[in-house]
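Enquirer: Below you will find the structure I want to go over with you.
The values are calculated or read from the model by the stated rules, or taken from the named source; none is laboratory data. Remember, it's a predicted structure, so these values are computed and weren't measured experimentally. Surface areas here come from the heavy atoms of the whole protein model, side chains and all, with no ligands, DNA or RNA. Shrake-Rupley method; radii C 1.70, N 1.55, O 1.52, S 1.80 Å.
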Amino acid sequence: MAANYFLSSQNRHWRFTRQQLENIRLETESETRMSRSDLGDPRHLRIYLHGLIQSLGRHLSVRQQALATSEIYLARFYIRTSVQETNPYLILATCVYVACKMEECPQHIRSVVSEAKSLWPDYITHDPTKLAECEFYLIEELDSYLIVHHPYRSLIQLSKALGASGVNVGLSSDEMQTAWSVINDSYITDLPLLYPPHVIALTAIYISVVLRPPPAAAQTERAKTRLQKIMDWFAACGIDLEAVVDCAQEMISLYDVWESYSEKTCRELIARVMNGRRG
């Protein structure tokens, strides 16, 4: 495995600018008969697919990091391939299957198919060869670059650094949990395709400590001093604050969009597209 993210295939081959991502998606869209808007707000679709992966993961008792890897695979796959031309239920089940192999917590192919079939009986068959065939298709679309670096390790390291001597403003358990949840939610966005893991981890800390309104009891000089120390630490580390702010805005936008999300609407839109294709 690549120990250094900046030397990894993730950074060299699967990191883009926003304009590059948009250009790839427009090219993909031009090759299909439907536009992204046919499935509603793309962010609602991402939330829906995220929920499906989490649901399958719970049924299989899969570790969170493996699920995060599967979400990266899914995001990469669908910048080059249109959702309308695939069976997204089979694709995401395949992503989970391959991610479990890569994260060294393998699941038997029949177990994945069985659980996926129980969740989405209209779209998954009992035949495991379908998923096996899809595995080759997925790996080909990912250019066989399957190693993924995640922000979780960076979050732990940064939290330790904040609590180190000279800084001594380590994250509380509540702040750590919030930051962890922000990282989990970041996979719904394009951030893993745009920024290094440590920037996303810093964003999670920024949101959990700086942007999250503290309780009234915490509005003390001590709390304000702690917050100032954290901000000074951000500045002293030479962190790209513009990147952190951009990531934070992306997450805030996601949470705003989530308010209008309807699982039922997304499910019906996908069903309509898939049924229309069958017809």
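Enquirer: Which three extents, in angstrom, do the Cα atoms of the chain have along their principal axes, listed largest first?
Expert: Result for the chain: principal-axis Cα extents of 66, 37, 34 Å.
Enquirer: Related question: Once Rh is set to the Kirkwood radius over Cα pairs, what Stokes-Einstein translational diffusion coefficient, in µm²/s, holds for the stretch 47-162 at a temperature of 37 °C and a viscosity of 0.692 mPa s?
Expert: On the way: Rh = 14.5 Å.
My calculation gives 226 µm²/s for D.
Enquirer: Right, something else. Just reorder ARG226, ARG272 by solvent-accessible area, largest first, 1.4 Å probe, all chains present.
Expert: Values: ARG226 65, ARG272 155 Å².
Result of the area sort, largest leading: ARG272, ARG226.
Enquirer: Which lysines, on any chain, are close to LYS130 with Cα under 20 Å apart, when same-chain ones fewer than 8 places away are left out?
Expert: LYS101, LYS117
Enquirer: Just to confirm the number: angle between the C-alpha axis of helix 42-60 and the first principal axis of the chain, 0 to 90 degrees, nearest 10?
Expert: It is inclined by approximately 90 degrees.
Enquirer: Short version: ³J(HN,Hα) in whole Hz for each residue of the stretch 76-86, in order, from phi by Karplus 6.51 cos²θ - 1.76 cosθ + 1.60 (θ = phi - 60°), x for Gly and Pro, what are they?
Expert: The phi angles translate into 5, 4, 8, 8, 10, 10, 7, 4, 5, 9, 10 Hz.
Enquirer: Roughly to the nearest percent, how much of the accessible area of the stretch 166-279 is carbon and sulfur, given a 1.4 Å probe? Kindly include the intermediate steps, with their values, before the conclusion.
Expert: Numbers: 3150 of 6030 Å².
Carbon and sulfur: 52 percent of the exposed surface of the stretch 166-279.
Enquirer: Now a separate question. What aspartates and glutamates could a cross-link reach from LYS264, if we take a straight Cα to Cα line under 16 Å and drop same-chain neighbours fewer than 8 places away?
Expert: ASP38, ASP41, ASP122
Enquirer: Return the sequence-ordered ³J(HN,Hα) values of the stretch 223-239 in whole Hz as given by the Karplus equation 6.51 cos²θ - 1.76 cosθ + 1.60 applied to θ = phi - 60°, using x for Gly and Pro.
Expert: Along the stretch 223-239, the couplings run 5, 5, 5, 4, 4, 5, 4, 5, 5, 5, 5, 4, 5, 5, 7, x, 6 Hz.
Enquirer: Here's a follow-up. Would you check the accessible area of HIS198, probe 1.4 Å, heavy atoms only, in square angstrom rounded to 10?
Expert: 70 Å²
Enquirer: Can you show me the helix-derived [θ] at 222 nm for the chain, built from DSSP H runs with n ≥ 4 at -39,500 (n - 2.57) apiece and divided by the number of residues, rounded to the nearest 500.
Expert: Numbers: 14 runs with 184 residues, N = 279.
The helix-only estimate for the chain comes to -21000 deg cm²/dmol at 222 nm.
Enquirer: Can you work out the accessible area per residue across the stretch 85-141, with the rest of the protein chains kept in place, probe 1.4 Å, in square angstrom?
Expert: Numbers: 2720 Å² over 57 residues.
It amounts to 48 Å² per residue over the stretch 85-141.
Enquirer: Just to check I understand the Karplus step: with θ = phi - 60° and J = 6.51 cos²θ - 1.76 cosθ + 1.60, what whole-Hz values come out for the stretch 263-269, glycine and proline as x?
Expert: Working through the residues one at a time gives 4, 4, 4, 4, 4, 5, 5 Hz.
Enquirer: Ignoring ligands, DNA and RNA, please state the percent of accessible area on the stretch 1-113 from carbon and sulfur, probe 1.4 Å. Write down the numbers at each step before the final one.
Expert: On the way: 2600 of 5210 Å².
Solvent-exposed carbon and sulfur of the stretch 1-113 make up 50 percent of the total.
Enquirer: Then there is this: Roughly what angle does helix 18-30 make with the longest principal axis of the chain, taking Cα atoms, 0 to 90 degrees, to the nearest 10?
Expert: The angle comes out at about 10 degrees.
Enquirer: By a straight-distance test (C-alpha under 25 Å), which lysines pair with LYS160 as possible cross-link partners, with residues fewer than eight away in the same chain excluded?
Expert: Candidates past the 8-residue exclusion: LYS224, LYS229.
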